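Q: Dropping a structure here in structure tokens format, bear with me for questions.
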Amino acid sequence: LRELRRVTKPGGRLLVCEVSHPPNPLLRFGHRIHLRFGLPSLARVSSNPDSYHYLAESTLAWPDQPALARRIQSAGWDGVRWRDLTFGVAAMHHAVNPDRSQNGS
């Protein structure tokens, strides 16, 4: 994220569309069950089962929306916000490279 900021001109934008975690506790529970049991079931009939295991593991390990926003802000981006997509199963994070020197200040 710091490197992206370094190579982005001042005022440039960052958009991250990635898997996430539904904020609703009931949906979050169902989503985790799907990742732990649903995707592995699909993997058994897939021509590439490893990809399903990777998808489940990486999704569970990915930070939730507020945690990713904190990481983006810690990397020096301003105006960090996000929009949940598909009830929070995915999220679009947006930030702006501040109008100051990109050399870490």
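The values are calculated or read from the model by the stated rules, or taken from the named source; none is laboratory data. Just so you know, these numbers come straight off a predicted model, no measurement behind them. Please note: Cβ atoms are built from the backbone with ideal geometry, for glycine as well, and neighbour counts cover all protein chains shown. What goes into the accessible areas is simple: the full protein's heavy atoms, side chains included, and nothing from ligands, DNA or RNA. Shrake-Rupley method; radii C 1.70, N 1.55, O 1.52, S 1.80 Å.
Q: Report, in order of residue number, the helices in the chain meeting two criteria: a C-alpha extent of 18 Å or more along the helix axis, and a mean Kyte-Doolittle hydropathy of at least 1.0; treat each whole DSSP H run as one helix.
A: Taking the DSSP H segments of the chain (at least 18 Å long, mean hydropathy at least 1.0), we get none.
Q: Check Ser20: other-chain or 5+ apart residues with amide H under 5 Å from its amide H, H built from backbone geometry?
A: Amide H neighbours of Ser20: Ala90, Ala91.
Q: Which three lengths, in whole Å and largest first, does segment 6-53 cover when its Cα atoms are put on their principal axes?
A: Its Cα atoms span 47, 31, 11 Å along the three principal axes.
Q: Quantify how much of the Cα-Cα distance distribution of segment 55-105 extends past 14 Å, in percent.
A: 57 percent
Q: To continue, here is another question. For Arg36 paired with Leu85, estimate the spin-label separation in nm (one decimal), with each label point 7 Å from Cα along the Cα-to-Cβ line.
A: 2.7 nm
Q: Turning to a different aspect of this structure: How far apart, in nm, are the 7 Å Cα→Cβ label points at Ala61 and Gln73?
A: It is 2.6 nm.
Q: When only C-alpha pairs under 8 Å and at least 6 residues apart count, what is the relative contact order of the chain, in percent?
A: The value is 45 percent.
Q: Accessible surface of Asp99 in the full protein assembly, 1.4 angstrom probe, to the nearest 10 Å²?
A: Taking all protein chains as shown, Asp99 has close to 130 Å².
Q: So what are the three principal axis dimensions of the chain from its Cα atoms, in whole Å, longest to shortest?
A: Principal extents (Cα only, largest first): 52, 30, 17 Å.
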